[in-house]
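Undergrad: Dropping a structure here in structure tokens format, bear with me for questions.
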Amino acid sequence: MTDSGELLYYESLSPETEEKMQRDEAERTLPPYATPDSAAIRRRDLQNDRPSVWRTPFIRDVDKILHCPFYNRYADKTQVFSFYRNDDLTRRSLHVQLVSRIARTIGRALRLNLDLIEAIALGHDIGHTPFGHAGEEYLDRCLYRKTGRHFSHNLHSVRVLDGVFPYNITIQTLSGIACHDGELELSEYRPRPMTDFAAFDEMIAECERDKDAIRRLIPSTLEGCVVRISDIIAYLGKDRQDAERARLTDGEFPDGAIGSHNAEIINNLIVNIIDNSYGKDYIALDERHYRALADAKRINYDLIYKNKEVREEMENSVRPMMEELYDRLLSDLTEKRADSPIFTHHIRYVEEAHYRRTIPYREEEPNAIVTDYIASMTDDYFVDLYARLFPDSNRRINYKGYFD
């Protein structure tokens, strides 16, 4: 029930699906489409990464991701509403938990590998920039201007876990993270197997050269497909909820086949996915729910993401600040100013992790290091660093507080 007393509309599984799931549970019949632990592939065959009875390959991936130094920074990266000081609005840390919970709910019903799902979900946004997708767009412009390479948060999440901190994560987890782009909805998600790191690396390189290639990425496992659709489910209704709390909208979201409230959207999409995917080698929505999901996303873009006031504030503050910060950090790095934060607060921080690497981290391509640093920042860290490096600048971000 909503605050206005309106009853929510919850769909239920079809009797046929529920009966089949109960029968399979009783007979311990498992669909053959889950990724088995034995299929896990890593770049290097290291003794410490070999599975044991109690630590499966994908549990190891989960542990590596949770203990990544950049995982802590999820907590202070904003999701959509970057100019609000309001702890009731979703931050990226909550978003990845919601994706993980939704994906594991679907994965359990479909008898998939829940450890792999958790690893993909928890790692999928670890490379995201401060200031949400606007920050991602501005960092992409900076990197492309200097190198001709593109930046995207999903590919950078792979770089964090496979390059900045070379954790020897499985290709199944990395593929799910790279291919999770929640901006592109599909009615069916059919895995595209990826079992070779040479092919995986070429896929990443192609996306850096051609940003349109990102939209063609398909996860290599059913678990990755589940996380991809769960990413959309997790933000679709939550962003509406946050927009109302931020008073950006007055709740003018129309009802559709999936409902208009967060709880309805989550329940009804999960139910429809299970109904249309159980016992199959792909993940699917029926046409009615797929159209409703696509329509709901379009409405969110019109009412939230493309809000003129928010976009103008981003363009007038974050964009020029990021350009100045990028150029200053790049100059400090190439001129080897040892007292610069890029050495004292970033390179030293990464190198203290003591992971074996072919090339010492500080000797990697300078634009890659600068991009790593900026992408790792929380919103507040970005603002404080800018103020430190440009104390005389009149650029600032105007935040809305709880009582504004």
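The values are calculated or read from the model by the stated rules, or taken from the named source; none is laboratory data. Keep in mind the model is a prediction, meaning the values are calculated, not measured. So basically every Cβ, Gly included, is an ideal-geometry build from the backbone, and we count neighbours across all protein chains shown.
Undergrad: Just one of Glu315, Glu351, Glu335 is surrounded by fewer than 17 Cβ atoms within 10 Å (Cβ to Cβ), closer than 27 Å to Ala205 by Cα and charged (D, E, K, R); which is it?
TA: Glu351
Undergrad: While we're looking at this one, here's another question. Which condition number does Gln241 fail, the rest of (1) of a type in the set (S, T, N, Q); (2) assigned to a helix (DSSP H, G or I); (3) over 28 Å from Phe81 (Cα atoms) being met?
TA: Here Gln241 meets the rest and fails (3).
Undergrad: Answer with yes or no whether Gln172 is over 19 Å from Thr90 (Cβ atoms) and either touching a Ser or Thr at 6+ places or on another chain (Cβ under 6 Å) or in a helix (DSSP H, G or I) (or both).
TA: Yes, satisfied.
Undergrad: May I pose another question? More than 17 Å from Asp372 (Cβ to Cβ), assigned by TED's automatic domain parsing to the domain that holds Ala375 and of a type in the set (Asp, Glu): does that describe Glu315?
TA: For Glu315, the condition - more than 17 Å from Asp372 (Cβ to Cβ), assigned by TED's automatic domain parsing to the domain that holds Ala375 and of a type in the set (Asp, Glu) - is met.
Undergrad: May I pose another question? Take the conditions surrounded by fewer than 15 Cβ atoms within 10 Å (Cβ to Cβ) and among the basic types (Lys, Arg) and apply them to Arg215. Does it pass?
TA: It is true that Arg215 is surrounded by fewer than 15 Cβ atoms within 10 Å (Cβ to Cβ) and among the basic types (Lys, Arg).
Undergrad: Still on this structure, I have one more. Could you tell me which numbered condition Asp231 fails, if it satisfies all but one of (1) within 30 Å of Glu202 (Cβ to Cβ); (2) among the acidic types (Asp, Glu); (3) not in a helix (DSSP H, G or I)?
TA: Evaluating Asp231 over (1) within 30 Å of Glu202 (Cβ to Cβ); (2) among the acidic types (Asp, Glu); (3) not in a helix (DSSP H, G or I) leaves (3) as the failure.
Undergrad: A further question on this structure: Pick from Asn307, Asn316: which is closer than 22 Å to Leu143 by Cα and modelled with pLDDT under 95? Walk me through how you get there before you give the answer.
TA: Numbers: Asn307 fails: closer than 22 Å to Leu143 by Cα.
The unique qualifying residue is Asn316.
Undergrad: Output the number of residues of region 338-348 satisfying the condition of being among the β-branched types (Val, Ile, Thr) and buried (at least 18 other Cβ atoms within 10 Å of the Cβ).
TA: 2
Undergrad: Looking at region 134-147, is at least one residue within 23 Å of Leu66 (Cβ to Cβ) and of a type in the set (S, T, N, Q)?
TA: no
Undergrad: State whether the residues of region 197-220 include one that is in a helix (DSSP H, G or I) and of a type in the set (Phe, Trp, Tyr).
TA: Scanning region 197-220, I find at least one residue that is in a helix (DSSP H, G or I) and of a type in the set (Phe, Trp, Tyr), so the answer is yes.
Undergrad: Test of understanding: among Arg23, Arg43, which residue is assigned by TED's automatic domain parsing to the domain that holds Met194 and loosely packed, with under 11 Cβ neighbours inside 10 Å?
TA: Values: Arg43 fails: loosely packed, with under 11 Cβ neighbours inside 10 Å.
After applying the criteria, what remains is Arg23.
Undergrad: Please list, ordered by residue number, the helices (runs of 4 or more DSSP H) wholly in region 298-395 having 2 or more residues that are among the basic types (Lys, Arg) and in contact (Cβ under 8 Å) with a residue 40 or more places away in the chain.
TA: Details: elements: 308-313, 319-334, 348-351, 366-376, 379-389.
Because the criterion is at least 2 residues that are among the basic types (Lys, Arg) and in contact (Cβ under 8 Å) with a residue 40 or more places away in the chain, the helices (runs of 4 or more DSSP H) in region 298-395 that meet it are 319-334.
Undergrad: Go through region 8-28 and count every residue that is farther than 14 Å from Ser277 by Cβ and of a type in the set (S, T, N, Q).
TA: Of the residues in that region, 2 qualify.
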